[in-house]
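As structure tokens, the structure follows; a few thoughts come after it.
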Amino acid sequence: MKGTKLLIVSLFSAVFLSFTPVTKKYIVIDPGHGGNDLGVNLNGYSEKEITLAIAKEIKTIIDSQDKYEVVLTRDSDTDSQLRERTELINKLTPEMVISLHVNRSPQKESTQQGQEIYFQNSDPSKVLAERISQKFTSSKVIGERNLHILRESKSPTVLVELGFINNSKDRAYMTSKEGQKEIVQKFVEIINEN
């Protein structure tokens, strides 16, 4: 009888524990702009479309790996306020937040090119910025900035300008299937190395 009770208790424990919720680890990707806010745009390309396409592909790949769940601050061409984005971030308390943007300089054809990375005044944010910089050979870590998403997010957050839309080389890289695939793969590697 004792053996039967022990077996029942063991089975009950195994079944109960198999239904215990696992604490998810989140990564937030913030595709800049959206809706009526195009961000920078040139020759039919807009920042809001470039950042959303890259963010959605990062989500698809990372979500298929079961280590993290990626949450996008927008998953379609919709307006969203910065305050709403940071409220979502702070509710989820993700492992990291990557805000994607596209740069533009005042010149018609920019001589500036490559990624620019901004971080919060925190060591985890600085470390994340350095890791991103190591993946993108033409990038530079600019430093701290008093930007809403960096200032208000309580999780390690970086803002990455993916390139200059008015630099022909950067624009081709950010808008081509091959270029976007490479950008996505670099962010996937960064997330998986966390």
Just need a number here: residues in segment 156-191 that are open to solvent by less than 30 Å² (accessible area, probe 1.4 Å), touching a helix residue (DSSP H, G or I) at 6+ places or on another chain (Cβ under 6 Å) and in a loop (DSSP other than H, G, I, E, B). 1
Condition set open to solvent by 100 Å² or more (accessible area, probe 1.4 Å) and either among the acidic types (Asp, Glu) or modelled with pLDDT of 90 or more (or both), scope segment 1-45, selection farthest from Tyr68 (Cα to Cα): answer is Asn43
Restricting attention to segment 46-73, report how many residues are part of a helix (DSSP H, G or I) and either open to solvent by 10 Å² or more (accessible area, probe 1.4 Å) or closer than 21 Å to Gly163 by Cα (or both). 16
I'm trying to understand the selection: among the residues of segment 79-94, which are in contact with a helix residue (DSSP H, G or I) (Cβ under 8 Å, 6 or more places away or on another chain) and either within 12 Å of Gly34 (Cβ to Cβ) or not in a helix (DSSP H, G or I) (or both)? Leu82, Arg85
Within segment 93-131, can you find the residues that are within 18 Å of Lys24 (Cα to Cα) and either over 14 Å from the mean Cα position of the chain (by Cα) or among the polar types (S, T, N, Q) (or both)? Thr93
Here is a check on your reading of the model: is Glu130 part of a loop (DSSP other than H, G, I, E, B) and among the acidic types (Asp, Glu)? no
Pair list, Cβ < 6 Å and 6+ apart or interchain, from segment 31-48 residues that are over 22 Å from Gln107 (Cα atoms) to residues that are open to solvent by 10 Å² or more (accessible area, probe 1.4 Å) and hydrophobic (A, V, I, L, M, F, W, C): Pro31/Leu52
Between Ser99, Ser125, Ser76, which is buried (at least 20 other Cβ atoms within 10 Å of the Cβ), outside any strand (DSSP E or B) and of a type in the set (Ser, Thr, Tyr)? Ser125
Identify, by number, the condition in (1) over 16 Å from Phe187 (Cα atoms); (2) in contact (Cβ under 8 Å) with a residue 40 or more places away in the chain that Ile142 doesn't meet. (2)
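The values are calculated or read from the model by the stated rules, or taken from the named source; none is laboratory data. A quick note: this is a predicted structure, and the numbers were derived from the prediction, not measured. Glycine also receives a Cβ, built like all others from the backbone with ideal geometry; neighbour counts cover every protein chain displayed. Each accessible area value is taken on the protein alone, full model and side chains, heavy atoms only, with ligands, DNA and RNA left out. Shrake-Rupley method; radii C 1.70, N 1.55, O 1.52, S 1.80 Å.
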